[in-house]
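Below: the structure, in structure tokens.
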Amino acid sequence: MTPLYVLKRIPFAVLPAILFTTPLLAQSDTLSGAVAVSSQLIDRGLAISPNTPIVQGNVTWSSASGWILGMSAATELRSVGHGSEAMAEVAHYWPLTSDWRMQAGVVYYGYPGNGPSRPFERVETGVNWMYRDVLSFGLSAITLTHGDDHSPRGAADVDVHWPLPQHFAVSAGLGVAQPLTGPVDYGSYVPNGPYGGYVYRHARMRSYYGYGHVGLAWGYGPWRVELDRVFTDPDIRRQGAAAAPWVGTVSWAF
């Protein structure tokens, strides 16, 4: 079956698209997963970890009736337990036509052992429309679970995955989101800085920011190698909260 790279919220996700793969039209219950090493953990253009190797893993169960359950985790390779993230997803999809499907779901993001990223802990409710394994458009409603500010935020993402000859593919994505934290909450990694290497900067925040990526991937069997150029709103980058300009990932699916 042709895998569908669910680029959901995930705009350009915290986890690369390959970590949430589900059959376009499942004929029976399916259990799948992947492990990967990335150069940084990012979320909608923001740095969730320092620019250091991150190991990630995911397991997804999908049913013939359209239900999807997924769990994933990530942590710094050089310091297990630091820069970590945990995710849990419940979703359901409906085929709309032979080429289109719609998916709705809820995803929880937690950051155990990752104090600077705790303000990003949240629940996201999202709706996605997907054309084969080529195009995905999604809308997300976001509610923070950490701190006192639980007012809703929104995000919208569009992603394209276009196959090329010789097992190559090009991917691109654009998104816009409301900031999850206030002007004094954004942290950036600075070597030998306070608070475990993170510093916080006070800056005025617009009510939204943009982000995107362009990447080239090569896949063969269960293996996939991808290099992405990440773009983040200049205001975010000036605050030191943006992801590294280049992010690489090597993954193995099963």
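The values are calculated or read from the model by the stated rules, or taken from the named source; none is laboratory data. Only a predicted model underlies this, so the values are computations on that prediction, with no experimental measurement involved. Heads up, the Cβs are rebuilt from the backbone with ideal geometry, glycines too, and the neighbour counts pull from every protein chain shown. All accessible areas refer to the heavy atoms of the entire protein, side chains included, with ligands and DNA or RNA removed. Shrake-Rupley method; radii C 1.70, N 1.55, O 1.52, S 1.80 Å.
Looking only at residues that are β-branched (Val, Ile, Thr) and open to solvent by less than 60 Å² (accessible area, probe 1.4 Å) in segment 224-254, which one is farthest from residue 38 (Cα to Cα)? Steps first, answer last, please.
The first filter runs over segment 224-254 and keeps only residues β-branched (Val, Ile, Thr), leaving 225, 230, 232, 236, 247, 249-250.
Next, from what is left, pick out any that are open to solvent by less than 60 Å² (accessible area, probe 1.4 Å): 230, 232, 236, 247, 249.
Values: 230: 14, 232: 18, 236: 22, 247: 7, 249: 4 Å.
My answer is 236.
The set of residues in segment 120-152 that are open to solvent by 30 Å² or more (accessible area, probe 1.4 Å) and not in a loop (DSSP other than H, G, I, E, B) comprises 123, 125, 127, 129, 131, 135, 137, 139, 141, 143. Say we look at segment 1-54 and pick out the residues that are among the hydroxyl-bearing types (Ser, Thr, Tyr), open to solvent by less than 20 Å² (accessible area, probe 1.4 Å) and in contact with a Gly (Cβ under 8 Å, 6 or more places away or on another chain); which of these is modelled with the highest pLDDT? Only one residue tops the list, namely 38. With respect to (1) under 22 Å from residue 55 (Cβ atoms); (2) modelled with pLDDT of 70 or more; (3) not small (Gly, Ala, Ser), the lone exception for residue 191 is condition (2). Pairing each residue of segment 88-114 that is assigned to a loop (DSSP other than H, G, I, E, B) with any residue that is of a type in the set (Ser, Thr, Tyr) and surrounded by 13 or more Cβ atoms within 10 Å (Cβ to Cβ), provided the two are 6+ apart or on different chains, yields C-beta distances under 6 Å for 99/131; 111/117; 112/84; 113/84; 114/84. Just checking, does segment 216-223 include any residue being open to solvent by 70 Å² or more (accessible area, probe 1.4 Å), at pLDDT below 90 and among the small types (Gly, Ala, Ser)? No, segment 216-223 has no match at all.
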